[in-house]
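> Starting off with a structure, shown below.
The values are calculated or read from the model by the stated rules, or taken from the named source; none is laboratory data. What you see is a predicted model; the values in this text were computed from it and never measured. As a convention, Cβ positions derive from the backbone with ideal geometry for all residues, glycine included, and neighbour counts pool all protein chains shown. Accessible surface is based on the protein model in full, side chains and every heavy atom, while ligands, DNA and RNA are left aside. Shrake-Rupley method; radii C 1.70, N 1.55, O 1.52, S 1.80 Å.
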Amino acid sequence: MEAQVSLTSVYVRLENCMLMYIVLVSQTFTAWCNSHLRKAGTQIENIEEDFRNGLKLMLLLEVISGERLPKPDRGKMRFHKIANVNKALDFITSKGVKLVSIGAEGMLYCTTDITVEETSAKEGLLLWCQRKTAPYRNVNVQNFHVSCKDGLAFCALIHRHKPELTDFHNLEVDDPLGNLNLAFDIAEKHLDIPKMLDAEDILNTPKPDERAIMTYVSCFYHAFAGAEQAETAANRICKVLGVNQENEKLMEDYERLASELLEWIRRTIPWLENRVPEKTMSEMQRKLEDFRDYRRMHKPPKVQEKCQLEISFNTLQTKLRISNRPAFMPSEGKMVSDIASAWQGLEQAEKGYEEWLLTEIRRLERLDHLAEKFRQKATNHETWAAGKEEMLTRKDYESASLLEVRALLRKHEAFESDLSAHQDRVEQIAAIAQELNELDYYDVASVNQRCQSICDLWDQLGTLTQKRREALERTEKLLETVEQLFLEYAKRSGPFNNWMEGAMEDLQDMFIVHTIEEVQTLIAAHEQFKATLPEADAERQAILGIQQEVLKIFQNYGIRGDLTNPYSTITTEEIAIKWDKVKKLVPQRDNALQEELARQHANERLRHQFAAQANLIVPWIQARMEEIGRCSMAMGGTLEDQMTQLKQYEHVIVSYKPNIDRLEGDHQLIQESLIFDNKHTNYTMEHIRVGWELLLTTIARTINEIETQILTRDAKGISQEQMNEFRSSFNHFDRKKNWAMDSDDFRACLISMGYDLGEVEFARIMMLVDPNTSGVVSFQSFIDFMTRETADTDTAEQVIASFRILAADKPYILADELRRELPPDQAKHCISRMPPYTGPGALPGALDYTAFSTALYGESDL
């Protein structure tokens, strides 16, 4: 090698070295560099590595130029190397040497950085060419000499990245010179790639210089690398924006569904809280039927909506955590807890409304019975009292004979006996009226009016009776004839007649019972009554015998006159008629009691039928709850195995629904039969409904949790072994087995997994897993923490860096640039959401992509 080389030729050599770098580095040039560097006491071992850090390049320039360059940076970081190379390039440029497509980054990332799937620089560059030209006809790049002689490979690379610069499909394979010159001219004019090759030399050489063509092709690679980088950046932004748009739609759907459910609850609760009682039993029965329709048809879809709303909320929060977005905070009053609270208020109102309905039905049933009883007793009393006031006000004794006066006196004594016997009946009427008032009977005004009339008449009768007795006793001293037999008849027939009327009332009395024992009590009382009939029949025969004796006296002593008993209005015919009626009412009462006994037996069968099903269904529900709990805690298989098991459980549960429906049908029959208690079971339909709804909610929530874990595992790249390890650690330290760890158990768990925790670091971690400071760490929070510790996610910085590439390193981006680099819908989304850029040097319409990116991850107030 020549000992002296001009400075210009050295610069030219350095320019060629930095332009081609690996391809044109030769042992001869390395030896030439070492001949100069020996003066400075150093050598080049590997020209690629030694020139890359810039130190020996600067030293070589100082030796051959005799001038001092700026002080180099001695650091080993990448930016130190870039600074040194830039100082060397600035010095070369200051000497009038034009550097084309050479920069510090180019020096650090020349053809050695052209790698595809871990191949070498040459192989990587060749593979890059093959992939880019694969779709083009007549192009088959197998090497960097013969495959490039027809020029089509260069034209294909240009058309692949800049199709507007050439019409590849009109090129002729028989015109290699034209193809080569076209490619070289376009590269120099539009891609800023100098003409390093000569078309005629390539055509006239059987095997063109492979290194020269490699160097020229590497310039294409670096020229188009920026476009591919922009495409990658655009894809990243599209992905991030797509996730954000999907999350926003989920948020809008949650808000809408929550509003609709809360509005339905708001409209339903006032209806359930309307406790205005109806006046009649039929109207209250209609209310009860409306309530059953609500339970059967209106509420079940809302239960499903509530469950689906909770699942959607959990899924959305999981997606936000996976995509490193801030947690979704619903509008005020629409949190899951708010919906649960409103639902609890609805169920409380529903329970109170049902209890009120049943209580009101019992009250109206009791009122109807009392009102009918009042009417019967009042009618009987009014019938008895009719004409009594007129009778007591007569003064017939003033013109009567002694016998007639005595008859009148005895008749009055009989009336007093009868009046006394009716005292109990009047008291019963008043007591029934008082009870109707206390139970707020709707027609209590007419009852009170009728009762008051009866009481007033009763008081008047008492006063008139006393006055008439006094008058008769004054007259009695003047009259001595008394007819004992008529008097005895009157005295005995009156009470007996009253007994028969009472018996008829009792035999026709309505009864309300709810158990077999109560019916049996009534039957026993009726049997006791029938046992008294022989004695009553004897009394009847005795009374009739008195009348027969009167007839004998009249016949024997030839008495002529009216045989009507002057002391009593009760005739033997009346006694016979009433006695016959009593005998007819007795078997009717028997039949009514037996029918009621049969009805109570039917009710008891309904109780047994309901209890038998309820006592099976409740343990079945409890067993399914335990199976779901064991499955969610199981460690034997994968999450997909758990999901399969849970889906099977869900199918079993859904298939069991007809049993609940049958029980609902039995419960409806029980309510229609007005059965209010059941001693054969401790479970009510309300308990079973709550348990069934809890089972449906639990299986749906558990499936959602497993889906969330699968989604977290797949999105974060966590292996099944890692997920099992997390769950195993959690299960071990979940000492209370309530699917949550307290702070001490969580600290022990972290230490067991290799964390070195101080108080400050542990407090920071607790703020991440327990932001509400509840003192416990749920399984989902534990999984989220461990996935953040083991997985990588998109960050705001990555998105900002991607936007900066699209904006050509400007701190802002224009709408046209977004439309050019992104799909139309993504570009429109960015333009509508990005705030204006207000920094220095902004063009009209400049958009602030930094603020937009930080807002996506909850790091700004945008």
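> Compute the distribution of all C-alpha to C-alpha distances in segment 596-682, in bins of 5 Å from 0, and list the percent of pairs in each, rounded to whole numbers.
3, 12, 18, 17, 12, 10, 9, 7, 5, 4, 2, 1, 0
> May I ask you to list the lysines whose Cα is less than 29 Å away from that of residue 657, ignoring any residue fewer than eight positions away on the same chain?
287, 299, 302, 306, 351, 647, 679
> While we're on this one: Heads up, I need the accessible area for residue 585: 1.4 angstrom probe, whole protein in place, Å², nearest 10.
Answer for residue 585: close to 20 Å² accessible.
> Which residues in segment 563-582 place their backbone N less than 20 Å from a point set 7 Å from the Cα of residue 416 along the Cα-to-Cβ direction?
566-570
> Tell me which lysines have Cα within less than 22 Å of residue 583's Cα, excluding those fewer than 8 residues away on the same chain?
The qualifying lysines are 373, 377, 530.
> Let me ask something else. Pairs 122/810; 411/578; 189/810: which are spaced more than 31 Å apart, C-alpha to C-alpha?
With Cα atoms farther than 31 Å apart: 122/810.
> Given points 7 Å out from each Cα along the Cα-Cβ axis, report the residue 134 to residue 86 separation in nanometres with one decimal.
About 3.9 nm separates the two model spin labels.
> Got the relative contact order for segment 796-857 handy, in percent, Cα pairs under 8 Å and 6 or more residues apart?
Details: 69 pairs, mean separation 24.2, N = 62.
Normalised by residue count, the contact order of segment 796-857 is 39 percent.
> Using a 1.4 Å probe on the protein chains only, how many percent of the accessible area of segment 238-373 belongs to carbon and sulfur? Intermediate results must be reported in sequence, preceding the final value.
Numbers: 3610 of 6810 Å².
The C+S portion of the solvent-accessible surface of segment 238-373 is 53 percent.
> Related question: What pairs from 56/162; 132/249; 87/195; 162/319 go past 30 Å between their alpha carbons?
Checking Cα-Cα distances, 56/162; 132/249; 162/319 exceed 30 Å.
> Run through segment 416-524 and list the trypsin sites (Lys or Arg not before Pro) located in a DSSP loop whose Cβ has at most 11 other Cβ atoms within 10 Å. Could you put the intermediate results ahead of the total?
Details: sites: 425, 450, 467, 468, 469, 474, 477, 491, 492; in loops: 477.
Those satisfying the criteria are 477.
> Determine the relative contact order of segment 612-789: mean sequence separation of Cα pairs under 8 Å and six or more apart, normalised by residue count, in whole percent.
Computed value for segment 612-789: 24 percent relative contact order.
> Which value in nm describes the separation of the simple spin-label points at residue 774 and residue 714, placed 7 Å from the Cα toward the beta carbon?
Going by the 7 Å Cα→Cβ label model, 2.7 nm.
> While we're looking at this one, here's another question. State whether segment 612-789 is rounded, prolate or oblate according to the following rule on the C-alpha gyration tensor (a ≥ b ≥ c being the square roots of its eigenvalues): a/c under 1.5 gives rounded; otherwise a/b larger than b/c gives prolate, and the remaining case gives oblate.
Prolate, since a/c reaches 1.5 and a/b exceeds b/c.
> For labels at residue 205 and residue 684 in the simple 7 Å Cα→Cβ model, what's the distance in nm?
Computed distance between label sites residue 205 and residue 684 equals 9.9 nm.
> A follow-up question, please. How do 275, 735, 325 rank by accessible surface area computed with a 1.4 Å probe, from largest to smallest?
Reading off the accessible areas and sorting them downward yields 735, 275, 325.
> Let me ask something additional. Normalized C-alpha radius of gyration of segment 497-626, against 2.2 N^0.38 Å?
Normalised Rg, Cα atoms only: 1.89.
> By average Cβ neighbour count within 10 Å, what is the ranking of 64-70, 587-593 from highest down?
Those peptides, ordered most packed to least, come out 587-593, 64-70.
> Also, I was wondering about something else. Would you kindly state how much longer the chain becomes between residue 832 and residue 232 on full extension, computed as 0.36 nm times their sequence separation minus their alpha carbon distance, in nm to one decimal?
Numbers: separation 600, 0.36 × 600 = 216.00 nm, distance 2.26 nm.
That pair, residue 832 and residue 232, stretches by 213.7 nm at full extension.
> Could you list which residues have their amide H under 5 Å from that of residue 848, counting only those 5 or more apart in sequence or on another chain, with H placed in the peptide plane?
837
> Along the Cα-to-Cβ line of residue 391, 7 Å from the Cα, sits a label point; which residues in segment 445-466 have backbone N less than 12 Å from it?
Only 465 fall inside the zone, counting backbone N under 12 Å.
> Just the accessible area for residue 404, please: 1.4 Å probe, Å², rounded to the nearest 10?
Accessible area, nearest 10 Å²: 100 Å².
> Can you give the net charge of the other residues whose Cβ lies under 13 Å from the Cβ of residue 619, counting K and R as +1 and D and E as -1?
-1
> Which one of 215, 259, 272 is farthest out on the positive end of the charge dipole of segment 149-274, using unit charges on Cβ (Lys, Arg +1; Asp, Glu -1) and the Cα centre as origin?
Working it through, the farthest residue towards the positive pole turns out to be 272.
> Here is a further query. Normalised by the number of residues in segment 339-455, what is the relative contact order in percent for Cα pairs under 8 Å and 6+ residues apart? Display every interim value, and only then the final one.
Details: 34 pairs, mean separation 43.8, N = 117.
The value is 37 percent.
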